[in-house]
Amino acid sequence: MKIVAVELRRVHMPLVAPFRTSFGTQTSRDILIVRALTPAGEGWGECVALPEPSYSSEYIDGAQDVLRRFLIPPLLALGHVAAQDVARVLQPVRGHRMAKAALEMAVLDAELRARGEPLASYLGAVRNHVEAGVSVGIADSVGQLLDIVGGFLDEGYARIKLKIQPGWDLEPVAAVRERFGDDLLLQVDANTAYTLADAPHLAKLDAFGLLLIEQPLPEEQVRAHAELAKRLRTPICLDESITSAVSAADAIVMGACSVVNIKAGRVGGYLEARRVAEVCGAHGVPVWCGGMVEAGLGRAANLALAARPEFLLPGDNSASQRFYAQDITEPLTLHDGMMPVPAAPGLGVTPIPEVLSELTTSVEQVGGRVHQ
Ligand SMILES: [Mg+2]
């Protein structure tokens, strides 16, 4: 289809509670929403870049700049573009995977809506519900953490992921395991906060029967993760280090991980995310879908991805209300510990116009007027 213009909109969404990780605390989410305008209709994308380059090198102002100046113009110049061609068209621009992913997502949504196909079936979904997990931030105290975890278990979440960092690791993990029992599906995420010299300390986590430890070491240290894997019984899962299907294959062959967290934004889009899943599946490595505190558009697309067969562990597929009292789309909600996979065409959800305009802080359009 012809992309006539692309709208870049920023929305400001307060979080229901601060979300603290080893790289910082979020109290609200500034989100870049991408809308592709075509003669046949519109398509929506959501960029997962954070305000600061703290999770990775990308950040939201940078993503908007590269979209405006370098990513959108080549798509507008084409007479016709299919979603499966977007990554190739954008390939001359190095990196900027979160920005590319948001643009591809908008084109893909427009294309699927135009032909009436849900994203889940397009991506190869094999189920219409996925198990819901929740990511729990660093708390002020162990007592507060136990209350928070208990609340999520009462809501029906099947798996708990604790954010950890040096000084907040063994004690909170031991307390959660002790309080909620050995059957609780429990894992931890360090967001690169440790070094290989911490191996003896991290090995103490082996006592708690964790599903996995996620990204203990910095993004570039894939070989060091392979070294660490030899010293831990807890399986290592990579997040930040996996930026493509090729890097996933390399990390697996090197022995750096035995589980992979897939985030479409981190790998350049949902189509590359599907390739990452296929590569992991071919190596017998289970995957799960990570989260970036998405609003409804990204949350819906993640559910579609997580419905693929390689997603054998519960992901960070939580309900809208885990982070937002008011989502920009109809809220995605838990049903008996499961998240329904949206079944309507495209992403299956659409921003609610009044909510979107209320939360919008800026809008710019790249490209021409649309005559529909
Ligand atoms: Mg992570």
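The values are calculated or read from the model by the stated rules, or taken from the named source; none is laboratory data. Remember, it's a predicted structure, so these values are computed and weren't measured experimentally. Please note: Cβ atoms are built from the backbone with ideal geometry, for glycine as well, and neighbour counts cover all protein chains shown. Quick note on the areas: whole protein, heavy atoms, side chains included, nothing else; ligands and nucleic acids left out. Shrake-Rupley method; radii C 1.70, N 1.55, O 1.52, S 1.80 Å.
Quick notes
- With N counted as the residues of the range 83-197, its alpha-carbon radius of gyration over 2.2 N^0.38 Å works out to 1.50.
- Angle in degrees between helix 270-282 and the longest Cα principal axis of the chain, rounded to the nearest 10: 40
- Solvent-accessible surface of the chain, averaged per residue with a 1.4 angstrom probe and all protein chains in place: 38 square angstrom.
- Members of LYS100/LYS161; LYS204/LYS230; LYS2/LYS100; LYS161/LYS230; LYS161/LYS263 lying beyond 20 Å, as alpha-carbon distances in this model show: LYS100/LYS161; LYS161/LYS230
- Share of pairwise Cα separations in the range 225-372, more than 24 Å, in percent: 42
- Heavy atoms of ARG322 accessible to a 1.4 Å probe, total area in Å² rounded to 10: 30
- Gain upon complete extension [SER28, ASP85; 0.36 nm per residue less C-alpha separation]: 17.1 nm
- Burial ranking of peptide ranges 257-266, 127-136 (average Cβ count within 10 Å, highest at the top): 257-266, 127-136
- Calculated log₁₀ intensity ratio I(q)/I(0) where the Debye formula runs over C-alpha points of the range 203-286, q = 0.14, 0.17, 0.20, 0.25 Å⁻¹: -0.42, -0.61, -0.82, -1.19
- Ellipticity estimate at 222 nm from DSSP helix runs (n ≥ 4, -39,500 (n - 2.57)) divided over the chain, nearest 500: -10000 deg cm²/dmol
- Ratio of Rg to Rh for the chain: 0.96 [Cα atoms; Kirkwood radius as inverse mean 1/r over pairs].
- By DSSP, the beta bridges lying fully in the chain are antiparallel in about 60 percent of cases.
- Calculated FRET efficiency for the pair PHE70/GLU227, C-beta based, R₀ 45 Å, to 0.05: 0.75
- Annotation: extensible slack from ALA40 through HIS129 equals 29.0 nm (criterion: 0.36 nm per residue apart, minus Cα-Cα distance).
- Expressed as a whole percent, the accessible surface of the chain that belongs to carbon and sulfur atoms is 52, based on a 1.4 Å probe.
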